[in-house]
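Q: Attaching a single structure in structure tokens format; questions to follow.
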Amino acid sequence: MSEETAPIGGEHSSALQVLSANLKSSRTDTIIDIRSVLLEITFYESLARPYITGYLTLIDSERIFENFDVQGGEEIEIIIKRSTEIQSAKQIVQNYVIHSIENTYDTQEFTDVVVVRLIDKETFRSGLKNVNRSFEGTPDKIIHNIMVDYMDREDLLTSADQSKTESMKVIVPNMTPIEATQWIRNRAVNLNGFPFYLYKSALTNQYFFQDLEQMISKPCVNENAPFVNTQSAGSSTTKSRDVIIKKYEQSQTDDLYSLIRDGVVGSEQRYYDVTTGDFEIVDFNINNDLLVDIAELNPRQKKPLIDGYLACDDKSVSNYKSVIGSKISGGKVFSYEKSYDEAITEGDNRKKIKAYAAQKLMEKFQIKIAVDGSDFFHGNHYGVGNNVKVLIRSKSSDENNITIDRKQSGDYLIIAAQYVVDPVDGNCNVVLELAKFSNYQSDTYNT
């Protein structure tokens, strides 16, 4: 990756600048610059939702909220840029609407600290609109049409052109545009049975409609600057520049029992066609139907998170029909097009089971890490939907023979990110929520 593309870890001395932070409302022509009273800017992005949320913490000693008559719905525009010599670094422009006043703290006789809850402007506008009409086409085309017609956005970035999806006809039943796009996303799977995700980047304001197969297959954005939990790595004199993990934590990992009860290890699903009164049975085995495909997506990370050959009473857990479900599959609602949840063949139904299993597998092994966030602020998309390389040092290794913990280390998919900006000193921390689908085979510490 060239210097102009600003790889993570390429530069650590620069700080961020809040170029502007303006409070405005359609009820008045007054625009208030709130940069000088800002204490903290926090915003979130997630693979699970196509909108950004956030919080502002500020000092109100000038009766800003009283004089401006803040009622909720006022707009706040924030522009941030990283101080850097890299010419391709872009300004990060974020447009929010005040969702609510979360808290107000009395710190001195004439001073309050106010915490304002934010939601991005496009989502607020979406909440004012209603979609109640029919659409026809592939899921990505339907989502694109909803965004064009109701959100004035024509720039959806999608992997559906590489991972073809099947056409359908739907009637969106009284939803906001954002709700409608999420509803369509829930039905979308690629030809290999992997689910799609619709999400928004907090740093570029772009919308993405990407399938999980493509996301897992992408190279790590920090391949030459892995996130590591050992201070000695920061003194590396090689071309790589490791980024220190300030803190990491894990909770409720490796819950195999819940996955079994969710039917993603072994199950039997019966799909009924109400027009014929017939049904088909689809047996699902996570070893044969999902794990073999995931193992091919990352050449250095092939050890599965689930050993489907784990036996109970001399029978592999993946061969148990732990869940037997029944669903309506065919109704011939439209004479020439499939409806929302309709499938024509057993393969179509199997893809739906596989997509659900892949989504649940994402929950099995997750980790949260806190790292310096300034490297994310070049105006490029380094957040959710990208892969990052994480190396956690093995607790038993010594200085002369450093090895990694293969279970905690890995190439992880970013599923959520929380950015915390200090406008006073220009520092930024980012907390990444990460998930992986398999483990490294080697424990060699190699950056």
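The values are calculated or read from the model by the stated rules, or taken from the named source; none is laboratory data. Just so you know, these numbers come straight off a predicted model, no measurement behind them. Positions of Cβ are generated from backbone atoms using ideal geometry, with glycine treated the same way; all protein chains shown enter the neighbour counts.
Q: Which numbered condition in (1) of a type in the set (D, E); (2) assigned by TED's automatic domain parsing to the domain that holds I64; (3) not in a strand (DSSP E or B) is the only one that D112 fails?
A: Result: D112 fails condition (3) only.
Q: Name the residues in region 307-329 that are assigned to a loop (DSSP other than H, G, I, E, B), at pLDDT 90 or above and either among the charged types (D, E, K, R) or out of contact with any strand residue (DSSP E or B) (no Cβ under 9 Å at 6 or more places or on another chain) (or both), would you?
A: D313, K321
Q: If we scan region 23-32, do we find a residue that is under 32 Å from the mean Cα position of the chain (by Cα), of a type in the set (A, V, I, L, M, F, W, C), surrounded by 18 or more Cβ atoms within 10 Å (Cβ to Cβ) and under 25 Å from G373 (Cα atoms)?
A: No, that holds for no residue.
Q: Does region 396-415 include one or more residues that are surrounded by 17 or more Cβ atoms within 10 Å (Cβ to Cβ), of a type in the set (G, A, S) and within 25 Å of the chain's Cα centre (by Cα)?
A: Checked against the condition, which is being surrounded by 17 or more Cβ atoms within 10 Å (Cβ to Cβ), of a type in the set (G, A, S) and within 25 Å of the chain's Cα centre (by Cα), region 396-415 yields at least one hit.
Q: Now for a separate question. Among the residues of region 2-12, is there at least one that is outside any strand (DSSP E or B), on the phi < 0 side of the Ramachandran plot and modelled with pLDDT of 95 or more?
A: no
Q: Hey, another quick one. Go through region 58-75 and give me each residue that's outside any loop (DSSP other than H, G, I, E, B) and at pLDDT below 95.
A: Hits for region 58-75 are L58, I59, D60, I64, F65, E66, N67.
Residue by residue, here is whether (1) charged (D, E, K, R); (2) without any contact (Cβ under 8 Å) to a residue 24 or more places away in the chain; (3) outside any strand (DSSP E or B); (4) closer than 26 Å to N349 by Cα holds:
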position	(1), (2), (3), (4)
E77	yes, no, no, no
H99	no, no, no, no
E102	yes, no, no, no
D106	yes, yes, no, no
E122	yes, no, yes, no
Y150	no, no, yes, no
K169	yes, no, no, yes
P173	no, no, yes, yes
N186	no, yes, yes, yes
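Q: Shifting gears a bit: Any idea how many residues of region 117-141 are over 21 Å from the mean Cα position of the chain (by Cα), of a type in the set (V, I, T) and modelled with pLDDT of 95 or more?
A: Residues that pass the stated criteria total 1.
Q: Could you tell me which of the residues N401, N427 is at pLDDT below 95 and touching a helix residue (DSSP H, G or I) at 6+ places or on another chain (Cβ under 9 Å)?
A: N427
Results for (1) touching a Lys or Arg at 6+ places or on another chain (Cβ under 6 Å); (2) closer than 25 Å to Q269 by Cβ; (3) acidic (D, E); (4) not assigned by TED's automatic domain parsing to the domain that holds I80, shown as yes or no for each residue.
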residue	(1), (2), (3), (4)
I353	no, yes, no, yes
K364	no, yes, no, yes
K368	no, no, no, yes
G383	no, no, no, yes
S394	no, no, no, yes
S409	no, no, no, yes
A417	no, no, no, yes
N439	yes, no, no, yes
D443	yes, no, yes, yes
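Q: In addition: Which condition number in (1) farther than 17 Å from D411 by Cβ; (2) outside any loop (DSSP other than H, G, I, E, B); (3) at pLDDT 90 or above is the one that G263 fails?
A: Of (1) farther than 17 Å from D411 by Cβ; (2) outside any loop (DSSP other than H, G, I, E, B); (3) at pLDDT 90 or above, only one is false for G263: (2).
Q: Then there is this: Output the residue which, of all residues in region 173-207 that are closer than 15 Å to D120 by Cβ and in contact with a Ser or Thr (Cβ under 7 Å, 6 or more places away or on another chain), is surrounded by the fewest Cβ atoms within 10 Å (Cβ to Cβ).
A: Top of the filtered list is T176.
Q: Scan region 361-392 residue by residue and report those that are surrounded by 19 or more Cβ atoms within 10 Å (Cβ to Cβ) and either assigned to a strand (DSSP E or B) or of a type in the set (V, I, T) (or both).
A: I367, I369, V371, V384, N387, V388, K389, V390, L391, I392 - these are the residues of region 361-392 that are surrounded by 19 or more Cβ atoms within 10 Å (Cβ to Cβ) and either assigned to a strand (DSSP E or B) or of a type in the set (V, I, T) (or both).
Q: Say whether the condition of being of a type in the set (S, T, N, Q), within 20 Å of N190 (Cα to Cα) and free of Cβ contacts under 8 Å to residues at least 40 places away in the same chain is met by at least one residue in region 316-333.
A: no
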